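**Q** Below is a structure I'd like to ask you about.
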Amino acid sequence: MKDDRQHPIRHAHTDRDTARHVPRTPQTESSSYTLAFTDEDFLCREDLRPVRLQLELLKAGLLMDERGIESTVVLFGGARIPAPADKDTARTPMLAQLSSQYDEAQKFARLMTEKSIETGCRDYVITTGGGPGVMEAGNRGAAEAGGVSIGLSIVLPHENAPNAYVTPDLSFNFHYFAVRKMHFLMRARAICVFPGGFGTMDEMFEALTLIQTGRMARVPFLLFGRDFWNRIINWEELAASGTIAHEDLDLFQFVDTADEAVALIENWEPAPARSDIPGR
């Protein structure tokens, strides 16, 4: 992270390094003597949660600003969807069938990254959750195009390192789901949702809720795989029951191919602002 400091006060890095070489005494060995910003146990205290939330919001935001990232294309999707070459290892026949979505995500990310490169990799930057499956496909397509992509990972018991295609200095790791989801949406120029499970649906419905309630501007919101989404969610029944408005069904569109999605994004015109605040 670059340092644009102009003031003459001694730098925190200098004091951190100096403190490492003080004589070992009962006083300096006490945790109370450790500099607060280098004391991991102190930072992990329950009452320091507001500070940790702020740090997670700041770190990724500052680094993306320094890279000049102005807008992103967000890909949500399942970690369990295999690449077509690996579909024989899928847990279920349906997951094997959904491997075609890996190809579409990879192609879509490649096409959007070609567009991003024209902007100096400032706009249309592919952003995923940094994991396997559809996320890997998105970062992979961006790498194939010769551009950059962002990975917003989160610490989970069953996942390891980010996928190998995330641009290394745009690979972030989070403790708080809420802060991670903020970073997904703060720069989003388009949101693309591929088949997935609880995590994907959580991300999808939070984004839709923000747009529905006017807390986020409308952007192209594309659901890849019409058959999947219509099997999983009865959208029309939600509207018919009155729990959402019929107009809410216009907040997103179904697509089946990367080419279709790119065309919709390139030709998208925002709808007029709605005067109502629909019920949730």
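**Q** So residue 160 fits all but one of (1) touching a helix residue (DSSP H, G or I) at 6+ places or on another chain (Cβ under 9 Å); (2) polar (S, T, N, Q); (3) more than 21 Å from residue 255 (Cα to Cα); what number is the exception?
**A** The failed condition is (1).
**Q** Are any residues in region 1-51 polar (S, T, N, Q) and more than 24 Å from residue 170 (Cα to Cα), and if so, which ones?
**A** Of everything in region 1-51, those that are polar (S, T, N, Q) and more than 24 Å from residue 170 (Cα to Cα) turn out to be 6, 14, 18, 25, 27, 28, 30, 31, 32, 34.
**Q** Between a residue in region 81-105 that is closer than 28 Å to residue 190 by Cβ and any residue that is loosely packed, with under 14 Cβ neighbours inside 10 Å and of a type in the set (A, V, I, L, M), which pairs come within a Cβ distance under 9 Å, given they are 6 or more apart or on different chains?
**A** Between residues of region 81-105 that are closer than 28 Å to residue 190 by Cβ and residues that are loosely packed, with under 14 Cβ neighbours inside 10 Å and of a type in the set (A, V, I, L, M), the close pairs are 99/85.
**Q** Same structure, new question: Give region 94-131 a look and list any residue that's polar (S, T, N, Q) and either surrounded by fewer than 24 Cβ atoms within 10 Å (Cβ to Cβ) or part of a helix (DSSP H, G or I) (or both), or say none.
**A** Within region 94-131, 97, 99, 100, 101, 106, 113, 116, 119 meet the criteria.
**Q** Consider residue 192 carefully, then state whether it is within 12 Å of the chain's Cα centre (by Cα) and over 23 Å from residue 56 (Cα atoms).
**A** yes
**Q** Would region 130-138 turn up any residue that is over 26 Å from residue 227 (Cβ atoms) and either at pLDDT below 95 or out of contact with any Lys or Arg (no Cβ under 6 Å at 6 or more places or on another chain) (or both)?
**A** Taking region 130-138 first, the residues over 26 Å from residue 227 (Cβ atoms) are 130.
The next check asks that each one be either at pLDDT below 95 or out of contact with any Lys or Arg (no Cβ under 6 Å at 6 or more places or on another chain) (or both); those that pass are 130.
Yes, that holds for at least one residue.
**Q** Now a separate question. Please report, ordered by residue number, the helices (runs of 4 or more DSSP H) entirely within region 183-280 with at least 3 residues that are in contact (Cβ under 8 Å) with a residue 60 or more places away in the chain.
**A** 198-212, 258-266
**Q** Which one of 224, 172, 228 is in contact with a Phe, Trp or Tyr (Cβ under 6 Å, 6 or more places away or on another chain) and among the aromatic types (Phe, Trp, Tyr)?
**A** 224 is the lone residue from the list that is in contact with a Phe, Trp or Tyr (Cβ under 6 Å, 6 or more places away or on another chain) and among the aromatic types (Phe, Trp, Tyr).
**Q** Give me a count of the residues in region 132-150 that are of a type outside the set (Gly, Ala, Ser) and assigned to a strand (DSSP E or B).
**A** 1
**Q** Could you list, in sequence order, all residues of region 152-182 that are in a helix (DSSP H, G or I), more than 25 Å from residue 261 (Cα to Cα) and not aromatic (Phe, Trp, Tyr)? Spell out the reasoning first.
**A** Keep residues of region 152-182 that are in a helix (DSSP H, G or I), which gives 168-170, 177-182.
When the remaining residues are screened for being more than 25 Å from residue 261 (Cα to Cα), the result is 168-169, 177-179.
Of everything in region 152-182, those that are in a helix (DSSP H, G or I), more than 25 Å from residue 261 (Cα to Cα) and not aromatic (Phe, Trp, Tyr) turn out to be 168, 169, 178, 179.
The values are calculated or read from the model by the stated rules, or taken from the named source; none is laboratory data. These figures come from a predicted structure and were not determined experimentally. All Cβ positions, glycine included, derive from the backbone under ideal geometry; neighbour counts span all protein chains shown.
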